[in-house]
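Peer 1: This structure is in structure tokens; I'll ask about it shortly.
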Amino acid sequence: MKLLGMQTAKVARVAGREFASTALTKGFIIGALVLPAFFAALMPLIVFLVDAAKPPAQVGVVAIIDRSQEVGPALSESLIALGDEDTPDIPSPDADVAELAGAATALLGDAPRVSVTLEPADADNEVVRQRLLEDTGDDTQRTIAVIDVDADAIRRGADAQPGDAFGSYSVFTRPEIDVRTVGRMRGAIDRTIRDNRYAAAGQNAEELRALTTVQRRDVQEVTESGTRDSNQELKLILPFAVIILLFMGVMTGGQYLLTTTIEEKSSRVIEVLLSATSPMELMLGKILGQLGVGMLLLLMYTGLGIVALIVFSMLDLIAWTTIVYMMIFFLLSYIMIAALMAAVGAAVNELREAQSLMGPIMLVLMLTFYLSFPVSLSPSATWAVIMSMVPPVAPFAMLARIASSEPPPFWQIALSIGTCSVGAWLSVWLAAKVFRVGLLMFGKPPNIRTLIQWVRMA
Amino acid sequence: MSNAIRMNGVRKTFGPKVAVEGIDLSVPEGSLHGFIGPNGAGKTTTIRMIMAILFPDRGDLEVLGRKSAVESKDRIGYLPEERGVYKKMKVAPFLEHMGRLKGLDAGPSLRKATRDWLDRVGLPDVAQKKCEELSKGMQQKVQFIASVLHEPDLLILDEPFSGLDPVNMRLLRDLIREQHEGGRTVIFSTHVMVQAEQLCDHIVMIHNGKKVLDDPLGTIRSRYEPTAVWYEPMSDGPTADAAVSAIEGVAGVGEHDGHREALLSEHADAGVMVGRIAAAAPMARVELHRPSLEDIFIEIVSADADTDELQQLRAAVRGGENAASEAEVGS
């Protein structure tokens, strides 16, 4: 059977070999299945190792120069109390941040166990800091940090106006003090200074904390089947996940296509193939074969994602139409990029030579990829609508919009599919010309100018 | 008899370089045509245009009655000069893949044909070996199978003997003859003219992209009558040379390719001259020396070339001493 002057059986045969020679190899199976599984399995191990790598319980003396003369003893108590805390202090009244930070506390190390010396309010900072350089030979006696609290840290100066900032404090440490230890000490200092300011202002610190804290409850979604927790974070992540999947599918298929074309050319099997097929049949067969590879990867990872959503009862987060559109836009985006990669593969003699010609294609692809992220955050902005209509950005941008919380109207999706189809056709048309001429050109690798000459020549 | 190939005023350029200039050609069905000429003469470009791998800038071309080989690729077998295989693919799957690309159906008959051909070329044990595990000569035989597996009507072989040892050259030559005897049209391209001389019944000589000779081998031989007699005196010394040079009809004596040679005058009868030379002095051997294709080629192009160029051309069309001796061993 012939289609557009090409024998479909030959195109299918080339595609079949291309798919089999890529997807049925150990390298692909390892790359596509084993490596992701390996990294997934590695995650708990990494968490475990990070957990195991807690900083040592740091001991020593903290010298406090309290120039305000109001907070020294309280600071001293707070720092000494750190040694008794199971979890570090999180210096934020924001409940959500605290929740997030709470998850991180498990990763933090043992609390520092320190003793405190209160220095005179007029102590010379330079002199006290010298202790950080001294080696006492006994860790419990060495000074590990110096805290210098400003005079107006608790009360503003006499000439200050309401609303002016309070004074603060400086921390000086030995170089070897763990950054996490310093962080916990600063948390304690912040809280202590804040509480003292409240007290100085005649306020009850506990009451103020209660007043300024709003406990957030999970957003509830009301559906016909009942009320349930809304997964706002997942909803935000979804467009990104879809874009990354699309990018991965396009890149994988395109890269394989580039590699196999170069291999066929460098091994000189290309002329044997051209004696059996036309250049267009060969190129289309190769594109379709690697389309299968990209589609396989896409379906595999999408399938895994769907299984995960089913397991966590969140399948309704993703509409089935999104998956259909993802496949359509993958097809269009892949053809646009892969055809150009096939042309580059045909033009060069080895992979190393392809780098310079791949530069512009990779630039476009990366630009396309990164531009789609702001689109997903502002899916209805005029610029986002325009981007979702202009190839080669359109497939990524439109998919980001479709997967966002404000999906575009159908006519825009249809228009985008139309413009992308034109883009794909144009890309194949250009690539076919370069492919036909380039396949039998050996020797000096061409530059962009030469490629343009080939397009005119073919 | 209809033509398997017909070319009319075909021209092909690559940038400023004219690779093929106005070639007219008719290759009748069932013939064994030799395309000869030095490297870079335009043979491969001509073949690639026949195969519709390249397209002419100008001129008409018909292959197996179609306007382009694209429409009849399944009826053509092609062994290109630049040979290659899928290195990681096993031999039998590679051949089956090529067969299927040429329109054969997958199945037991294709597998059997593949096995039979591997047996015939002396590679019965390589079917499940990867192509990269084969020697260059073995790969060449595998590629030859790929070109004939689908039993084409037209077989085009571009430098098929390059890189083969004498034994495999003989095997391949026999297989080519067999294909020809089976009624197939065979085009055989080589820069080693002695190979074409041994195999072809029609010679097309190409030089600098132009066809300079297109005749049956018999016609060429009759047109280019012998102009020298090689002789080997029984004893060394100047006596025999002096006796030969004194014969009427001998224009001079000298040495050519290690042979004593008497050059004949323009109107001398070669048959008579052999007898006269044999009688002039005691001879171990006297032999009429027919001009080879190489000599004819040099004669044709000598008008446009200086001495250095002629020497270079002679070296190019001989394909080196090894190629010539291999050809002799293989014949």
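No value in this document is a laboratory result; all are computed from the given coordinates. The structure displayed is predicted, hence computed values, not measured ones. Neighbour counts are summed over all protein chains in view; Cβ atoms, including those assigned to glycine, are modelled from backbone coordinates with ideal geometry.
Peer 1: Between residue A:186 and residue A:405, what is the FRET efficiency for a Förster distance of 25 Å, r being their Cβ-Cβ separation, to the nearest 0.05?
Peer 2: 0.10
Peer 1: Provide the net charge surrounding residue A:456, with neighbours chosen by a C-beta distance below 14 Å and charges set as Lys +1, Arg +1, Asp -1, Glu -1.
Peer 2: Its environment carries a net charge of +2.
Peer 1: Just the ratio, please: alpha-carbon radius of gyration of chain A over 2.2 N^0.38 Å, N its number of residues.
Peer 2: Taking the Cα Rg and dividing by 2.2 N^0.38 Å, one obtains 1.41.
Peer 1: Hey, got the average number of other protein chain Cβ atoms within 10 angstrom for residues in B:79-85?
Peer 2: Working: counts 3, 8, 2, 8, 5, 11, 4.
Mean inter-chain Cβ contacts per residue within 10 Å come to 6.
Peer 1: Might you report the magnitude of the Cβ-based charge dipole of region B:225-289 about its Cα centre, with Lys and Arg at +1 and Asp and Glu at -1, to the nearest 20 debye? Don't jump to the answer; show the numbers that get you there.
Peer 2: Values: 3 positive and 11 negative charges, 42 e Å.
It comes to approximately 200 debye.
Peer 1: Could you tell me which of B:250, B:145, B:263 has its Cα farthest along the dipole of region B:140-275 towards the positive end, charges placed at Cβ (Lys, Arg +1; Asp, Glu -1), taken about the Cα centre?
Peer 2: B:145
Peer 1: Identify, among A:404, A:337, A:319, the residue whose Cα sits farthest towards the positive end of the charge dipole of region A:311-458, taking +1 on the Cβ of Lys and Arg and -1 on the Cβ of Asp and Glu, with the dipole about the Cα centre.
Peer 2: Of A:404, A:337, A:319, it is A:337.
Peer 1: If you place +1 on the Cβ of every Lys and Arg and -1 on the Cβ of every Asp and Glu, how big does the dipole about the Cα centre of chain B come out, in debye to the nearest 20?
Peer 2: Using Cβ point charges on Lys, Arg, Asp and Glu, chain B gives about 1900 debye.
Peer 1: Would you work out the relative contact order for chain A, in percent, from Cα pairs under 8 angstrom that are 6 or more residues apart?
Peer 2: 16 percent.
Peer 1: Choose one answer from B:51, B:169, B:234: the residue with the largest mean-square fluctuation in a GNM of chain B with alpha-carbon springs under 10 Å.
Peer 2: In the Gaussian network model the winner is B:234.
Peer 1: With everything on Cα atoms, drop me the angle between helix A:448-457 and the longest principal axis of chain A, reported from 0 to 90° to the nearest 10.
Peer 2: The answer is roughly 20 degrees.
Peer 1: Let me ask something else. List every residue whose amide H lies under 5 Å from the amide H of residue B:54, counting only residues 5 or more places away in sequence or on a different chain, with H placed 1.01 Å from N in the peptide plane.
Peer 2: B:49
Peer 1: Could you give log10 I(q)/I(0) at q = 0.12, 0.15, 0.16 Å⁻¹ for chain B, computed by the Debye formula over C-alpha point scatterers of equal weight, without solvent?
Peer 2: Cα-only, vacuum Debye calculation for chain B: -0.89, -1.21, -1.32.
Peer 1: Using helices alone, I'd like the mean residue ellipticity at 222 nm for chain B: each DSSP H run of four-plus residues gives -39500 (n - 2.57), total over residue count, nearest 500.
Peer 2: -11500 deg cm²/dmol
Peer 1: Placing one identical point scatterer on every Cα of region B:225-289 and ignoring solvent, what is log10 I(q)/I(0) from the Debye formula at q = 0.14, 0.30 Å⁻¹?
Peer 2: Ignoring solvent entirely, the Cα scatterers give -0.31, -1.59.
Peer 1: What does a probe at residue A:235 reach in region A:347-377, counting residues whose amide N is under 15 Å from the point 7 Å along Cα→Cβ?
Peer 2: Those under the cut-off are A:377.
Peer 1: Compute the acute angle (0 to 90°) between the alpha-carbon long axis of helix A:232-266 and the principal axis of greatest extent of the alpha-carbon atoms of chain A; round to the nearest 10°.
Peer 2: 40
Peer 1: Let me ask something else. Return the FRET efficiency for the residue pair residue B:135, residue B:256: r is the Cβ-Cβ distance, R0 is 41 Å, and the value is rounded to the nearest 0.05.
Peer 2: After rounding to 0.05, the efficiency reads 0.65.
Peer 1: Quick check for me: using +1 on Lys/Arg Cβ and -1 on Asp/Glu Cβ, what's the dipole size of the protein assembly as shown about its Cα centre, in debye to the nearest 20? Display every interim value, and only then the final one.
Peer 2: On the way: 74 positive and 95 negative charges, 535 e Å.
Dipole of the protein assembly as shown, to the nearest 20 debye: 2560 debye.
Peer 1: To continue, here is another question. How high is the FRET efficiency between residue A:80 and residue A:220 when r is their beta carbon distance and R₀ equals 41 Å, given to the nearest 0.05?
Peer 2: 0.40
Peer 1: Please list, ordered by chain and number, the residues whose modelled amide H lies under 5 Å from the amide H of residue B:250; skip anything fewer than 5 residues away on the same chain.
Peer 2: The list, which skips near neighbours in sequence, is B:265.
Peer 1: Each label point is 7 Å from the Cα along the Cα-to-Cβ direction; what then is the distance between the points at residue B:6 and residue A:366, in nm?
Peer 2: According to this spin-label approximation, the distance is 5.8 nm.
Peer 1: Residue B:55 versus residue A:33, label points 7 Å from Cα toward the beta carbon: distance in nm?
Peer 2: Placing both labels 7 Å along Cα→Cβ, they lie 4.4 nm apart.
Peer 1: Can you check what the net charge comes to around residue B:82, using other residues whose Cβ is under 14 Å from the Cβ of residue B:82 (Lys, Arg +1; Asp, Glu -1)?
Peer 2: +1
Peer 1: How large is Rg over Rh for region A:238-370, taking Rg from the Cα atoms and Rh as the Kirkwood inverse mean of 1/r across Cα pairs?
Peer 2: 1.06
Peer 1: Let me ask something additional. Which residue, A:269, A:247, A:377, has the largest displacement toward the positive end of the dipole of chain A when charges sit on each Cβ (Lys, Arg +1; Asp, Glu -1)?
Peer 2: Looking along the dipole axis, the top candidate is A:269.
Peer 1: Now, a different point. Consider all pairwise Cα distances in region B:112-203 and report the whole-number % of them above 15 Å.
Peer 2: 60
Peer 1: At a 10 Å Cβ-Cβ cut-off, how would you order A:416, B:265, fewest neighbours first?
Peer 2: B:265, A:416
Peer 1: Please list 3J(HN,Hα) in residue order for region A:195-203, calculated via the Karplus relation 6.51 cos²θ - 1.76 cosθ + 1.60 where θ = phi - 60°; whole Hz, with x for glycine and proline.
Peer 2: Once θ is set to phi - 60°, the couplings for region A:195-203 become 4, 5, 5, 4, 5, 5, 8, x, 10 Hz.
Peer 1: For helix A:8-23, report the angle its Cα long axis makes with the longest principal axis of the Cα atoms of chain A; keep it between 0 and 90° and round to the nearest 10°.
Peer 2: 30
Peer 1: Taking every pair of Cα atoms in the protein assembly as shown, average 1/r, invert it to obtain the Kirkwood radius, and report Rg/Rh to two decimals.
Peer 2: 1.23
Peer 1: What is the distance, in nm, between label points placed 7 Å from the Cα along the Cα-to-Cβ direction at residue A:124 and at residue B:234?
Peer 2: Result: 12.9 nm between the two label points.
Peer 1: Once the piece of chain linking residue A:383 and residue A:141 is laid out straight, how much longer is it, given 0.36 nm per residue of separation minus the C-alpha distance between them?
Peer 2: Working: separation 242, 0.36 × 242 = 87.12 nm, distance 6.32 nm.
So the extension gain works out to 80.8 nm.
Peer 1: Amide H to amide H, which residues 5 or more places from residue A:114 or on other chains are under 5 Å from it, using H placed in the peptide plane?
Peer 2: Residues meeting the amide H criterion: A:83.
Peer 1: What order do you get for A:129-136, A:433-440, A:160-167, A:449-456 when each peptide is scored by the mean count of other beta carbon atoms within 10 Å, highest first?
Peer 2: Answer by packing, highest mean first, reads A:433-440, A:449-456, A:129-136, A:160-167.
Peer 1: So which GluC sites (Glu not before Pro) in region B:185-260 pass both tests, a DSSP loop state and at most 12 other Cβ atoms within 10 Å of the Cβ?
Peer 2: Those satisfying the criteria are B:248.
Peer 1: Go through region B:1-102 and name the GluC sites (Glu not before Pro) that are in a DSSP coil and have 16 or fewer other Cβ atoms within 10 Å of their Cβ.
Peer 2: B:29, B:82
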